[in-house]
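Okay, structure first, notes after.
The values are calculated or read from the model by the stated rules, or taken from the named source; none is laboratory data. Note that the coordinates shown come from a computational prediction; the quantities given were computed from them, not determined experimentally. Here the Cβ positions follow ideal geometry from the backbone for every residue, glycine too, while neighbour counts run over all protein chains shown. The accessibility values were calculated without ligands, DNA or RNA, using every heavy atom of the protein model including side chains. Shrake-Rupley method; radii C 1.70, N 1.55, O 1.52, S 1.80 Å.
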Amino acid sequence: MDLRIRSFEEYQQKYAESVSNPEGFWDEIAKTFHWQKPYDTVCEWDFEGPDIKWFKGGKVNITENALDRHLEQRGNKLALIWEPNDPKERFVRLTYRELHEKVCEFANALKAQGIEKGDRIVIYMPMVPELTIAVLACARIGAVHSVVFAGFSAHAMADRINDAQAKMVITADGLNRGAKQVPLKRVVDEALQSCDSIERVIVFNCLDWSPNMAEGRDIWWHEAIDGMPKECPAEEMDAEDMLFILYTSGSTGKPKGVVHTHGGYMVYTAYSFQNVFQCGESDIYWCTADVGWITGHSYIVYGPLISGATTLMFEGVPTYPDPGRFWQVCDKHGVNQFYTAPTAIRALMAYGEDHVLSYSLDSLKVLGTVGEPINEEAWKWYHIHVGKERCPIVDTWWQTETGGIMISGLGDLSPMKPAHAGYPLPGIQPVLLDQEGKEIKENGVEGYLCIKHPWPSIIRTTYGDHERCRTTYFSHYKGHYFTGDGAKRDENGMYRIIGRVDDVINVSGHRFGTAEIENAVNACSIVVESAVVGYPHEIKGQGIYAYVVCDTFPDDLETARAEIVETVVEQIGKIAKPEKIQFVTGLPKTRSGKIMRRILRKIAEGEPDKLGDISTLLDPEVVADIVKGAL
Ligand code: WTA
């Protein structure tokens with residue numbers, strides 16, 4: 001099924017149709033998928049609950065659409081290309097038929113290990129084909145996967161396992177990342193000391209290490225699949241049955257489990273994939289994200305495979321063995337669509353263009369970015385040196401909660417403007433609201449970005465706590481889904497995302513709540529309290545700046561900093577390390593005891609002259625001290 005729009009005029013027409021008749025619009029698209037039983041209604045919704053149902057009554061399994069449906073015509077087409085960390089190692093290619101077999105085989109292994117429909121499985125894996133296989137195998141039998149990015153610490157993993165009450169962990173002995181190897185199984189073992197729900201751990205042998213294998217609990221992947229049949233019927237799922245939980249940070253201390261479902265997520269990831277990337281039948285598509293994040297779920301695994309595309313999966317990092325690696329891989333495999341993060345572009349920019357210029361990059365047709373606003377300088381570098389001013393750049397705005405790309409150009413069809421995500425996809429109805437929650441209808445304005453009508457892959461709930469879903473996303477502005485982002489709309493109606501308006505920091509495209517990092521900092525024994533804010537960082541977009549009060553002001557600042565960093569790494573992982581730690585004697589607070597982050601943010605941004613009115617503070621003196629000691 002080719003769901004591609006072919007011109008900007010057609011986009012405008014489809015868009016208008018999707019607004020005037022959303023159900024008719026999505027029905028046309030959804031009908032082209034394989035349903036075990038057709039749905040009764042297209043969409044029933046109420047943003048108050050929220051209670052949102054797409055394709056109610058329909059029976060479907062997303063893996064039948066991602067695998068079985070292609071076997072007849074695309075059985076021998078490449079589904080997955082895997083490029084290893086080390087360019088000298090052999091790459092792997094799997095056809096749709098081979099991937100189907102491997103998924104079925106592992107799905108049977110999961111069943112043999114006691115997994116049943118509805119069970120939750122935490123996946124903590126390197127970027128190897130088995131990660132994709134594990135994800136699809138869960139979906140095949142109706143188990144709910146929850147992938148935890150392999151950079152998270154034991155503590156963070158244990159939180160997620162406990163919240164999901166997962167029954168199994170799928171992991172590996174360790175992983176390759178550039179010149180380093182990182183143990184994974186050891187982290188799992190540590191996490192499991194504080195988890196009661198796990199009955200089994202399946203361990204994929206990635207590095208030929210000999211990790212500890214707990215008798216009766218742990219089993220090797222190759223042993224688990226031994227003798228398993230390569231056929232496994234796809235479990236019949238309700239369209240609204242849970243497909244996965246993915247934990248993401250919000251403005252409170254505890255990450256929340258975003259829930260997506262089989263039917264709606266399937267339809268939207270495929271539709272958005274095909275239209276944004278304009279991926280043709282013989283194209284090779286590469287998204288450099290990790291499957292541990294939503295981008296990997298939707299645009300390495302599900303969107304491309306449901307569309308019958310060839311998706312490339314990369315184990316390594318952009319700078320290993322040298323900063324030309326991305327471009328070497330593009331030439332090696334003839335990549336046509338390349339999708340990455342602004343932070344990676346900025347990091348590579350810093351090494352100079354020689355690394356790009358030594359590759360032809362002739363095969364590239366469409367470039368994409370995701371995860372954070374892209375600054376004009378990085379946009380231009382990407383456009384000129386990578387795209388040779390020939391490839392359109394699709395700046396895709398979306399979120400874990402939206403499941404798929406919401407605002408973006410469509411390949412070379414749409415007008416393009418640096419740093420602007422552009423126009424909404426058909427079916428997506430963004431609005432900008434003012435402080436009072438009133439819709440700002442004109443163009444050339446700025447406001448809070450909300451969506452006023454559901455789309456098939458909208459978040460359904462936050463696992464185990466529906467009220468949290470309601471208060472976080474549906475209660476700020478009645479009748480709207482609130483994104484947490486601020487945006488501008490230019491004279492032509494193109495959107496430009498400015499960034500978060502809540503207490504979320506975006507570090508290298510990864511989301512952290514300030515409260516989440518504060519909790520981690522506060523777990524350090526020398527810390528009394530702390531306040532964390534983001535500040536502009538040349539490569540990472542935002543860096544983490546922590547203001548810390550200790551029981552006694554540390555004599556040795558470096559040792560104290562190291563201690564705090566170590567605690568954060570233990571609590572969350574290396575990805576959440578504060579860049580700057582300033583020791584202070586007190587934090588600016590209102591009389592009611594609320595920390596004035598606005599002031600701390602201005603100081604961190606290097607604008608202490610723009611603090612505004614501080615006279616209402618409990619102790620205005622403290623601000624002068626903080627400004628003096630700013631890093
Ligand atoms: C930000 C990643 C500007 C935004 C898919 C959003 C972006 C958060 C863009 C979601 C973009 C994502 N331009 N900002 N193209 N894409 N963001 O859940 O603040 O990891 O709310 O999903 O990233 O991050 P998440």
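Tabulated values for the structure
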{"quantity": "Neighbour cut-off at most 10 other Cβ (10 Å), DSSP loop, GluC sites (Glu not before Pro), the range 421-496", "calculated": "GLU436, GLU442, GLU491"}
{"quantity": "Only Lys, Arg (+1) and Asp, Glu (-1) charged, at Cβ; the chain dipole about Cα centre in debye", "calculated": "580 debye"}
{"quantity": "Global form of the range 127-175, assessed from the alpha-carbon gyration tensor, a/c cut-off 1.5", "calculated": "oblate"}
{"quantity": "Label-point separation in nm, GLU607 to LYS574, each point 7 Å along Cα→Cβ", "calculated": "3.4 nm"}
{"quantity": "Contour minus Cα-Cα distance for GLU231 and THR585 (0.36 nm per residue)", "calculated": "121.0 nm"}
{"quantity": "Residue-normalised accessible area of the chain, given per residue in Å² at a 1.4 Å probe", "calculated": "38 Å²"}
{"quantity": "Signed unit charges on C-beta, dipole axis of the range 504-628, positive-most listed residue ILE603, HIS510, ALA546", "calculated": "HIS510"}
{"quantity": "Rel. contact order, % - alpha carbon contacts under 8 angstrom, at least six apart, the chain", "calculated": "13 percent"}
{"quantity": "Shape call, the chain: gyration tensor on alpha carbons, a/c limit 1.5", "calculated": "rounded"}
{"quantity": "Local electrostatic count at PRO588 - Lys and Arg +1, Asp and Glu -1, tallied over other residues with Cβ under 13 Å", "calculated": "+2"}
{"quantity": "Net +/- balance of residues flanking GLY58 in space, Cβ distance below 9 Å, scoring K and R +1, D and E -1", "calculated": "0"}
{"quantity": "Computed accessible area, TYR463, all protein chains, 1.4 angstrom probe, square angstrom", "calculated": "50 Å²"}
{"quantity": "Accessible-area composition of the chain, carbon plus sulfur, in percent [1.4 Å probe]", "calculated": "47 percent"}
{"quantity": "Partnerless Cys - the chain, beta-carbon criterion under 4.7 Å", "calculated": "CYS43, CYS138, CYS195, CYS206, CYS279, CYS287, CYS330, CYS391, CYS450, CYS469, CYS524, CYS550"}
{"quantity": "Dipole-positive endmost among THR396, SER360, CYS469 within the chain (Cβ charges, Cα centre)", "calculated": "SER360"}
{"quantity": "The range 504-628: C-alpha gyration tensor shape, a/c 1.5 cut-off, then a/b vs b/c", "calculated": "oblate"}
{"quantity": "Separation in nanometres of the label points that stand 7 Å from Cα toward Cβ, at ASP2 and PHE553", "calculated": "7.1 nm"}
{"quantity": "Environment charge at PRO87 (Cβ cut-off 10 Å; Lys +1, Arg +1, Asp -1, Glu -1)", "calculated": "-1"}
{"quantity": "Lys, Arg +1 and Asp, Glu -1 on Cβ, resulting dipole of the range 435-540 about Cα centre, debye, nearest 20", "calculated": "420 debye"}
{"quantity": "In the range 338-381, the GluC sites (Glu not before Pro) that fall in loop regions by DSSP, at most 15 other Cβ within 10 Å", "calculated": "GLU353"}
{"quantity": "Computed [θ] at 222 nm, deg cm²/dmol, the chain (DSSP H ≥ 4; -39,500 (n - 2.57); rounded to nearest 500)", "calculated": "-7500 deg cm²/dmol"}
{"quantity": "Full-stretch length increase - GLN13, SER282 - with 0.36 nm per residue and alpha-carbon distance subtracted", "calculated": "94.1 nm"}
{"quantity": "Pairwise centroid distance, computed over Cα atoms, of the range 172-202 with the range 453-488, Å", "calculated": "33 Å"}
{"quantity": "Inter-part distance where the range 492-556 and the range 559-631 are each reduced to a Cα centre, Å", "calculated": "10 Å"}
{"quantity": "Exposure rank, largest accessible area first [LEU357, LEU110; 1.4 Å]", "calculated": "LEU357, LEU110"}
{"quantity": "Inter-centroid distance (Cα atoms) of the range 22-91 relative to the range 230-298, Å", "calculated": "9 Å"}
{"quantity": "Projected label distance in nm at LEU631 and LYS254, using a 7 Å step from Cα toward the beta-carbon", "calculated": "3.0 nm"}
{"quantity": "Relative contact order (%) - criterion: Cα under 8 Å, at least six apart; region: the range 155-197", "calculated": "48 percent"}
{"quantity": "Restraint check, LYS488/LYS610; LYS589/LYS628; LYS574/LYS602; LYS256/LYS438; LYS574/LYS628; LYS256/LYS478, Cα-Cα greater than 20 Å", "calculated": "LYS488/LYS610; LYS574/LYS602; LYS256/LYS438; LYS574/LYS628; LYS256/LYS478"}
